[in-house]
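Notes to accompany the following structure.
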Amino acid sequence: MLKLVFECGSSGAKRAAWWLVPSLIGVWAVVAQSGAQAQSSAGILAASRSTSWSSAGVQGGIPSRTTRCGSVIAAYSGAATTINNAIAACGTNQYVELGAGTFTLSSGIVFSKSSVTLRGAGANLTKLVINGTTSGCGVFYNSAFRMCAGSGNIGTTAPDHSTTWTAGYAQGTSVITLGNTTGLTPGSTLYLDQLNDSSDGWPSAGDIYQCDGSAPCSNQGGNSFARPNRTTLQLTGVTAVNGNQVTISPPVFLPDFRASQSPGAWWGNSSSVLTSSGVEDLTIDFSGSGAVGIEMVNATNSWVRGVRLIFIGGPGSFVFHTLIINGFHDEVRDSYFYGPTTQGNTQYAYTPHVSGSLLLENNIFHHNVSAMIPNDPESGSVYAYNYVDDIYYSGAIQLHSTGSIMNLYEGNNIPSYLGDILHGTHYFETLFRNHIDGYAHNQPQVNENSGITLLTHNRFFNLIGNVIGHSHFTTYQANGVQTPDAIYSFGDQGTGSGGAVGDDSNVARTVMRWGNWDSVTSSSDSSSNDQTGTRFVASEVPSGIPNFANPVPSSQALPASLFRSSKPSYFGAVPWPAIGPDVAGSDITTATGGHANKIPARLCFENTGVDSAYGSRNIRAFNAGTCYGAPVSGGGGVQPAAPSNLRIISSF
């Protein structure tokens, strides 16, 4: 039985769960007021190719803690001990406050206390110059700022608990059966996995091929932190345990779990998991550490908000601004990432591993070697409304290691998107309403420069409502060949070192395209409302393939978002949706046909002055509050207006 719950909504940043069946679309159109749209993919994406992304990020929103523990810590020089001790002694649901000024620290910050916030006066006022490092968390990285509660539960070494998963594999299943449930309680984060595929593919050759070995799987092999040979992985939360029956949320959403692959489960002790902790409104300059900036390990419902992360050294290896391992419902938002200034390998601004239901939203990536690099398995996450300026490597978003599955990339302004094959395979990723603009504010990057490049074994992708344009794009589609000036490049084996992996015609065979605009198809790409470049083409929908087919949508109407129920407050006066074929008269006309507005992160970047402390490097004097208003619970932005619409939430 379907139950409808009408809930009063607002123009704020709150997200809600939506599962709208097609028959409700008409009801929704009648009931909802203008400006509030469901993030349902019903009528566009087949259920087997997508999931609900509405619960990505911190559940219930980032808490706005109002009780300070202790006095404000004034700026000082020396070891990080004062800050570390204050965090450790802080009470539940309280915050440690750092004053304005520069903290020059000779050692790294250790943040191992759940339900605590570390807060500065603003990223342009409170600066931590961290010249030392800390190690631990059960991983081999050194970091300037370490967030983790313990050192256990790493898949490649030994999870705290592991068992068989004996029943409940189908998509949509919310009650599963495990071999044992020792140490598993409501609130636990549960990792569901299975053995890799031994050959290409399932259910048939050319379909899903999940693996992490060398050729013919990938160039170099992959998997750093998941259990060996088990990189089909979904993270979920435990809501109830009844004997060996475990109720989970989100339900099973990956489509290929099956008994033949020996499904299993693993989880950590509560002492291994950091929950509901975050860092806000300060700068971390980790140039002197030569290590990871912020490292989050075994963290659930934790966050980084309003933080400026700077690395002006280089080249170095494993220089990551934010590294997440075993993250679930974590959120990185309203922040600014700069550097390194010298190019090298393994320099990623944001890189998650073995994670799920993360939210990366409204961030600025400036002069990075690589911006957003999903590594190791990740599923059910959202990358939304991020802006990239002056990138070095191709693929501002680059699927790099194995197991990126059913993540959503929405509303980003990036030069290019790349699904590589260096360390493993990827499938069922969705790109929605992104503005991909080539060299508009980025020089030609190293390697692939097509708008969207999906190398071999990147299958069953969904590309919907994107705006792709620049003067260097001269070819619409290239199959199995390097063509840096193509809008789309599908199935090429790539240029990665290691074992050669052949071209793959199944990339083009399985990709879903609907409602994208591109400057090659367009005959008037600088007009304010060009209609010639938008493609609603039935032959670009894989409706006839035998497995994971997608019916041709019956309508050309697109929802405003696939994960938000209404316009986020930090958008301010920016139109909603900002990007897409149904947008007209935008503030960018060159090579957009008038279909792409500047997103808030880009406006923040362009309107923020240069920080004179860093000389001619053009590092911005970033402050999230100045750009987006005072943060509120549930995400950055100004306080929301009074409720102005009704939202329909359905439950079954």
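Using the Cβ-Cβ distance between Gln556 and Ala79 with R0 set to 56 Å, the FRET efficiency from 1/(1 + (r/R0)^6) comes to roughly 0.40.
A simple rule links phi to the HN-Hα coupling: the Karplus curve 6.51 cos²θ - 1.76 cosθ + 1.60 with θ = phi - 60°, which for segment 560-577 gives 5, 8, 9, 9, 10, 8, 7, 4, x, 5, 5, 5, x, 8, 5, x, 10, x Hz, with x for Gly and Pro.
If a paramagnetic tag sat 7 Å from the Cα of Val241 along the Cα-Cβ line, which residues of segment 272-295 would have the backbone N under 19 Å from that point? Residues 272-275 fall inside that zone. The accessible surface of the chain, taken with every protein chain in place and a 1.4 Å probe, is 51 percent carbon and sulfur. If a/c stays under 1.5 just call it rounded; otherwise compare a/b with b/c (prolate if a/b is bigger, oblate if not). Do that for segment 436-525, with a ≥ b ≥ c from the square roots of the Cα gyration tensor eigenvalues. Here segment 436-525 falls in the oblate category.
Can you classify segment 158-292 as rounded, prolate or oblate using the Cα gyration tensor, where a ≥ b ≥ c are the square roots of its eigenvalues, rounded means a/c under 1.5, and otherwise it's prolate if a/b beats b/c and oblate if not? Oblate. Taking label points 7 Å from Cα along the Cα-to-Cβ direction, Ser48 and Ala215 give a separation of 3.2 nm.
Tally Lys/Arg at +1 and Asp/Glu at -1 over every other residue whose Cβ is under 14 Å from the Cβ of Asp193; what's the total?
-2
Rounded, prolate or oblate: which one fits segment 34-129, using the alpha carbon gyration tensor with axes a ≥ b ≥ c (rounded when a/c is under 1.5, else prolate when a/b beats b/c, else oblate)? Prolate, since a/c reaches 1.5 and a/b exceeds b/c. Across segment 452-463, computed HN-Hα scalar couplings (Karplus, 6.51 cos²θ - 1.76 cosθ + 1.60, θ = phi - 60°) run 10, 10, 10, 6, 3, 6, 9, 10, 6, 7, 10, 10 Hz from first to last residue, x flagging Gly and Pro. Peptides 49-55, 265-271, 363-369 ranked from most to least packed by the mean count of surrounding Cβ atoms within 10 Å: 363-369, 49-55, 265-271. Near Cys137: Cβ cut-off under 13 Å, other residues only, Lys/Arg at +1 and Asp/Glu at -1. The net charge is 0.
Packing-based ranking of 425-434, 279-288, 572-581 yields 425-434, 279-288, 572-581, ordered from highest to lowest mean Cβ neighbour count within 10 Å. Each stretch of four or more DSSP H residues adds -39500 (n - 2.57); spread over every residue of the chain, this sum gives -1500 deg cm²/dmol at 222 nm. Within the chain, antiparallel bridges make up roughly 30 percent of the DSSP beta bridges whose residues both belong there.
Near Ser71, once Lys and Arg are set to +1 and Asp and Glu to -1 for all other residues with Cβ below 15 Å from its Cβ, the sum equals +1.
Please work out the Cα center distance from segment 295-331 to segment 448-520, rounded to the nearest Å. The two parts, judged by their Cα centres, are 29 Å apart. How large is the charge dipole for the chain, taken about the Cα centre, if only the Cβ atoms of Lys, Arg (+1) and Asp, Glu (-1) carry charge, to the nearest 20 debye? It works out to roughly 1480 debye. Across the chain, counting alpha-carbon atoms alone, Rg and Dmax equal 23.0, 66 Å.
Modelled label positions at Thr474 and Ser270, each set 7 Å beyond Cα in the direction of Cβ, lie 6.4 nm from each other.
Calculated on the alpha-carbon coordinates, the convex hull of segment 269-367 measures out at 89 cubic angstrom per residue.
The values are calculated or read from the model by the stated rules, or taken from the named source; none is laboratory data. Please read all numbers here as calculations on a predicted model, not as lab measurements. Methodologically, a virtual Cβ is constructed for each residue, glycine included, from the backbone with ideal geometry; neighbour enumeration extends over all protein chains shown. Protein only, heavy atoms only, side chains kept; ligands, DNA and RNA dropped before computing areas. Shrake-Rupley method; radii C 1.70, N 1.55, O 1.52, S 1.80 Å.
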